[in-house]
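A short write-up of the structure that comes next.
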Amino acid sequence: MSAIPSDIVRPGEEAGAPVAAVRPLAPPRLANAVSEPPWVRRLLITVALAFLTLFLFVPLISVFVQAFAKGVGVYWAALSDPDAVSALKMTLLAASISVPLNLVFGVAAAWAIAKFDFRGKDLLLTLIDLPFSVSPVIAGLIYVLIFGLQGWFGEWLRDHDIKIIFAVPGIVLATVFVTFPFVARELIPLMQAQGQDQEEAARVLGASGWQILWRVTLPNVKWALLYGVILCNARAMGEFGAVSVVSGHIRGQTNTLPLHIEILYNEYQFAAAFGVASLLAGLALVTLVLKYLVERRVKASAAAGDHE
Amino acid sequence: MITARALLLRRHSVLPGFDLALGFAVLYLCFIVLIPLSAVFLKTFSGSLDTFWATVSSPRVVASYKLTFGASLVAALINAVFGLLVAWVLVRYPFPGKRIIDALVDLPFALPTAVAGIALTALYAQNGWIGRFLPFKVSFTPVGVFVALTFIGLPFVVRTVQPVLEDLHKELEEAAATLGASRLQTFGLVILPALAPALLTGFALAFARALGEYGSVIFIAGNMPMISEITPLLIISKLEQYDYTGATAIAVVMLVTAFVLLLAINLLQAWTRRRQGR
């Protein structure tokens, strides 16, 4: 290796010329050769930012501007309306059930997939991602086919006076379906990369399975876990299509915040619709900030893991 | 007793909990995803093929396929071009506010679709902030469908291309330059081929997402039969008329399309990994 650099003839340097005679080097031409002229850079940055402004930033800003278009009074009235409050409660309820369920599933699936080598692993991995490729409308439809009046259990449920579709359980089921893969898909790659050395060491030292999980595995993946939960929660609170199919849109009872926005919008109460929408847009911004912070921790801990 | 451990495990492991973890994961997967999804197919097979075919090939439904596919394709193509540009700018050039913009690219993932839907509709309406400057109508036309689908598909290409671009070896570009390639040639012949698998994956992901999208589209589309009705909306309207068979038939067509795309995406991702692992 050491012989190579001295053989390179840089621009402005004659082979064999005395070193003292070399002019102060101009920036090596190679540096320019792997980049673009300044005007191209500026043009590309401008076009990219213009695209993002048009499709991302303006829509986001417009939500908040429209929310306050008719003044703070109308905004506050929209948020404190009893139907809006009950929709908020329903949204929080659905998220608070579906996120923990998918969290437990994510940890169990990641434990099996990352720590063991078994037949059918690839199939399981594909099936876990399946809900992402199913249209939200179909996610709602499948539960109607099973629990709806014409569905598999429809008559039995009616005879026993149990409501699933057009009631809370249906909303929770649809939310669980659309947020199914979030935690698992954040945990699996990380736990696979970490391997099972630490867990095996703990086992040899006499730790039980649960002790290994709580004291070794989960601390190692806590940031990725949090990341998955944040994404899962954002989707759970914002889901529209799937919930729309199973909710029945009963005001004050089975409406979530996104459905409440739709009702207000269709009644031409635009300021109120955007007022409620600004709540969810705020949630989205909080999600992005948390995501950014957690992403940095995940990268930092992954880098630290590399050096160990 | 025969356990999953003895039956499935390829390699012995000292770690406990395999039976419990896999058992719970598979059971949960079955109850939440697989059994409910199979209901769609069982319901279809229990009906007659003629009814199925009559539903999925009726003019109104076919018109909705054309709109959904067409708008999704154009939106995914636009996102492939601009997503590549955004990823390039974010990876290669320094500029003020870069970190914030990088974080905001994920906004369409985080923003509920209903919020995106009403915001875009208001912006692109004829008296809206953007719509008033356009010579043609966007909201309540098929163009509006395209706008909504572009919004929701935006992060996919950026987020698949970005990591590959970051890992790209500068030495390759230097070698190309030393061998006399112009910058444009280097981009076309060295950089772009290296990015191709990721770019295609991002395109396919954006396309697949757009095909099933509902929330953001129904507000801006205007939902006129034969003109601006997307396929997921037809499932809803059949359900509202208690035509479960019709709704299920359309759902089967969408599911099969989605599964084929999923297969293609998995193959593409395997290809990307192989290229990167080289």
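Here are some notes:
- Residue in the range A:102-116 that is within 7 Å of chain B (Cβ to nearest Cβ) and in contact with a strand residue (DSSP E or B) (Cβ under 7 Å, 6 or more places away or on another chain) present: yes
- Residues of the range B:36-54 that turn out to be at the interface with chain A (Cβ under 10 Å from one of its Cβ atoms) and either free of Cβ contacts under 8 Å to residues at least 40 places away in the same chain or not in a helix (DSSP H, G or I) (or both), as a count: 4
- Among the residues of the range A:58-99, those identified as of a type in the set (D, E, K, R) and outside any helix (DSSP H, G or I) are A:LYS70, A:ASP81.
- Where A:GLY140 falls short, out of the listed (1) over 28 Å from B:ALA206 (Cα atoms); (2) crowded, with 23+ Cβ neighbours inside 10 Å; (3) of a type outside the set (Lys, Arg); (4) in contact (Cβ under 8 Å) with a residue 60 or more places away in the chain: (1)
- Extreme residue, nearest to the other protein chains (Cβ to nearest Cβ), among residues of the range B:1-35 that are under 23 Å from A:PHE180 (Cβ atoms) and modelled with pLDDT under 85: B:LEU8
- If the condition is being within 12 Å of chain B (Cβ to nearest Cβ) and of a type in the set (S, T, N, Q), then the range A:218-246 contributes A:ASN233, A:SER244.
- Residues located in the range B:152-204, provided they are away from chain A (no Cβ under 11 Å), of a type in the set (D, E, K, R) and either more than 30 Å from B:ALA264 (Cβ to Cβ) or surrounded by fewer than 17 Cβ atoms within 10 Å (Cβ to Cβ) (or both): B:GLU166, B:ASP167
- Within the range A:187-219, the set of residues being under 21 Å from B:ALA25 (Cα atoms) and of a type in the set (Asp, Glu) comprises just one member, A:GLU199.
- In this structure, A:SER98 does not satisfy being among the polar types (S, T, N, Q) and under 18 Å from B:THR248 (Cβ atoms).
- As for the range A:177-200, it holds no residue that is under 29 Å from A:GLY241 (Cα atoms), free of Cβ contacts under 8 Å to residues at least 12 places away in the same chain and among the small types (Gly, Ala, Ser).
- Within the range B:94-112, tally of residues that are more than 7 Å from chain A (Cβ to nearest Cβ) and assigned to a helix (DSSP H, G or I): 6
- Test: residue in the range A:194-217 that is away from chain B (no Cβ under 11 Å), among the polar types (S, T, N, Q) and at negative phi: yes
- Scanning the range B:240-278 for residues that are farther than 24 Å from B:PHE207 by Cα and either β-branched (Val, Ile, Thr) or surrounded by fewer than 21 Cβ atoms within 10 Å (Cβ to Cβ) (or both) gives B:GLU240, B:GLN241, B:TYR242, B:ASP243, B:TYR244, B:THR245, B:GLY277, B:ARG278.
- The range A:74-93 residues that are surrounded by 15 or more Cβ atoms within 10 Å (Cβ to Cβ), paired with ones that are among the charged types (D, E, K, R) (beta carbon under 7 Å, 6 or more apart): A:ASP83/A:ARG251
- Residues within the range B:164-188 that are without any contact (Cβ under 8 Å) to a residue 12 or more places away in the chain and closer than 27 Å to B:ASN79 by Cα, tallied: 8
- When every residue of the range A:191-212 is checked against the conditions, none turns out to be over 21 Å from B:SER13 (Cα atoms) and in a helix (DSSP H, G or I).
- Candidates B:VAL81, B:VAL115, B:VAL91 - the one that is facing chain A (nearest Cβ under 7 Å), in a helix (DSSP H, G or I) and either crowded, with 24+ Cβ neighbours inside 10 Å or of a type in the set (A, V, I, L, M) (or both): B:VAL115
- Checking A:PHE180 against (1) part of a helix (DSSP H, G or I); (2) at pLDDT 90 or above; (3) within 11 Å of another protein chain (Cβ to nearest Cβ), the condition it does not meet: (1)
- Annotation: B:PHE140 fulfils all but one of (1) more than 17 Å from the chain's Cα centre (by Cα); (2) more than 10 Å from chain A (Cβ to nearest Cβ); (3) at negative phi; the unmet one is (3).
- With respect to the conditions (1) within 14 Å of chain A (Cβ to nearest Cβ); (2) at negative phi; (3) at pLDDT below 95, B:SER57 lacks only one, and its number is (1).
- Scanning the range B:214-249 for residues that are under 23 Å from B:ILE130 (Cα atoms) and either small (Gly, Ala, Ser) or at the interface with another protein chain (Cβ under 10 Å from one of its Cβ atoms) (or both) returns B:TYR214, B:GLY215, B:SER216, B:VAL217, B:ILE218, B:PHE219, B:ALA221, B:GLY222, B:SER228.
- Of all the listed residues (A:PRO258, A:PRO189), the sole one being over 27 Å from A:LEU124 (Cα atoms), within 12 Å of chain B (Cβ to nearest Cβ) and of a type outside the set (Phe, Trp, Tyr) is A:PRO258.
- Of all residues in the range A:151-168 being farther than 24 Å from A:MET90 by Cα and among the acidic types (Asp, Glu), the one that is farthest from the chain's Cα centre (by Cα): A:ASP159
The values are calculated or read from the model by the stated rules, or taken from the named source; none is laboratory data. Keep in mind that this is a model prediction, so the values were computed, not measured. Note that we place each Cβ from the backbone using ideal geometry, even for glycine, and neighbour counts take in every protein chain shown.
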